[in-house]
1. Grab the Cα-Cα distance for ALA7 and ARG84, subtract it from 0.36 nm times how many residues apart they are, and report the gain in nm with one decimal.
2. Taking amide H positions as placed 1.01 Å from N in the peptide plane, with prolines and chain starts having none, which residues 5 or more places from VAL56, or on another chain, fall under 5 Å of its amide H?
3. Taking only DSSP H segments of four or more residues, each worth -39500 (n - 2.57), what value at 222 nm results for the chain once the sum is divided by all its residues, to the nearest 500 deg cm²/dmol?
4. For TYR74, TYR85, what's the largest-to-smallest order of accessible area, 1.4 Å probe?
5. What number comes out for accessible area per residue over the chain if the probe is 1.4 Å? Units Å², please.
6. Roll a 1.4 Å probe over the protein heavy atoms and report the accessible area of ASP10 in Å², nearest 10.
7. From the backbone phi of the stretch 79-86, what are the Karplus-calculated ³J(HN,Hα) couplings (6.51 cos²θ - 1.76 cosθ + 1.60, θ = phi - 60°) in whole Hz, Gly and Pro given as x?
8. Compute the signed sum of charges (Lys and Arg +1, Asp and Glu -1) over the other residues within less than 9 Å, Cβ to Cβ, of TYR74.
Amino acid sequence: ESIEVMANNDLDLSLHESQPVSETLVRSADLILTMTKSHRNALVHHWPEAEPRTFVISDGQEDVADPIGGPIDYYQLCAEQIERYVEKWVERVALHLPEGLDDESA
């Protein structure tokens, strides 16, 4: 369902594979966004040093609904929620591009 919904949004996820959160991923991440408050709490409980850079993607407004097992409409709703929140995060986070590389060529 995720592949189908993203294909309808011109994104190809056919080669994407999810992976579990690992110590290596947590330690190397500059920013960690979770779908729910409980995901954030569990991650911070396991890796307290990640607390200052771990946030709920909605910035605390709501949890993003997990569509697993639901109809395709749930996947679309989830995608719309994530897109809306990612747009806000992009506005908040400054990109550090190499010298000579501007936003249009990135």
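The values are calculated or read from the model by the stated rules, or taken from the named source; none is laboratory data. Worth saying up front: this structure is predicted, and the values here are computed from it rather than measured. Heads up, the Cβs are rebuilt from the backbone with ideal geometry, glycines too, and the neighbour counts pull from every protein chain shown. When the accessible area is computed, the model is the full protein with side chains, heavy atoms only, and any ligands, DNA or RNA have been set aside. Shrake-Rupley method; radii C 1.70, N 1.55, O 1.52, S 1.80 Å.
1. 25.9 nm
2. Here the answer is THR34, since their amide H atoms fall under 5 Å of that of VAL56.
3. Numbers: 4 runs with 44 residues, N = 106.
One gets -12500 deg cm²/dmol as the mean residue ellipticity at 222 nm.
4. TYR74, TYR85
5. Here the residues of the chain average 77 Å² of exposed surface.
6. 140 Å²
7. With coefficients 6.51, -1.76 and 1.60, one gets 4, 5, 4, 4, 4, 4, 6, 4 Hz.
8. -3
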